[in-house]
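Readers should treat all values here as calculations from the given coordinates under stated rules, not as data from a laboratory. Small disclaimer: the values here were computed from a predicted structure and weren't measured. Cβ atoms come from the backbone with ideal geometry, glycine included; neighbour counts cover every protein chain shown.
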Ligand SMILES: Cc1cc2nc3c(=O)[nH]c(=O)nc-3n(C[C@H](O)[C@H](O)[C@H](O)COP(=O)(O)O)c2cc1C
């Protein structure tokens, strides 16, 4: 499968509700994932989930943000056309300023090749 290697200045942002439904995605995220904004909005965030990602990584992500902390980690995502790309993600909880509802934001940048290789090796040992 084709890998899209992020550019140094690619910066992928998305926001979800408290259940992981996508509320916002920026241009870089839409373009690289291969979806239009309209296709993204309202979908569960596992729309970009790659089968190589261990469940344990997302369990850790959700437990971390639900207790109010910031999660950082490496994520392999799939693109609409069946390719994939790696990101280093920072996911953090926030409150909607108008409704006070819980929201989550993820900001993703390019990981180095060494970081990807380390994550790949680790994820093969996890389920
Ligand atoms: C703000 C935010 C961003 C997320 N970004 C991704 C992502 O880029 N890729 C991904 O596979 N899951 C992401 N998730 C986790 C998904 O919600 C989901 O837990 C994961 O895809 C596993 O899918 P599953 O619960 O159906 O097994 C994100 C969650 C949050 C709260």
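Tabulated data for the structure shown
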quantity: Residue within the range 52-62 that is within 19 Å of residue 115 (Cα to Cα), loosely packed, with under 15 Cβ neighbours inside 10 Å and within 12 Å of the chain's Cα centre (by Cα) present; calculated: no
quantity: Only listed residue being surrounded by fewer than 14 Cβ atoms within 10 Å (Cβ to Cβ), within 25 Å of residue 102 (Cα to Cα) and touching a helix residue (DSSP H, G or I) at 6+ places or on another chain (Cβ under 9 Å), chosen from 37, 12; calculated: 37
quantity: Condition met for residue 5 (part of a loop (DSSP other than H, G, I, E, B), surrounded by fewer than 17 Cβ atoms within 10 Å (Cβ to Cβ) and touching a residue at least 12 places away in the same chain (Cβ under 8 Å)); calculated: yes
quantity: Positions within the range 99-118 being free of Cβ contacts under 8 Å to residues at least 12 places away in the same chain and closer than 24 Å to residue 27 by Cβ, in sequence order; calculated: 112
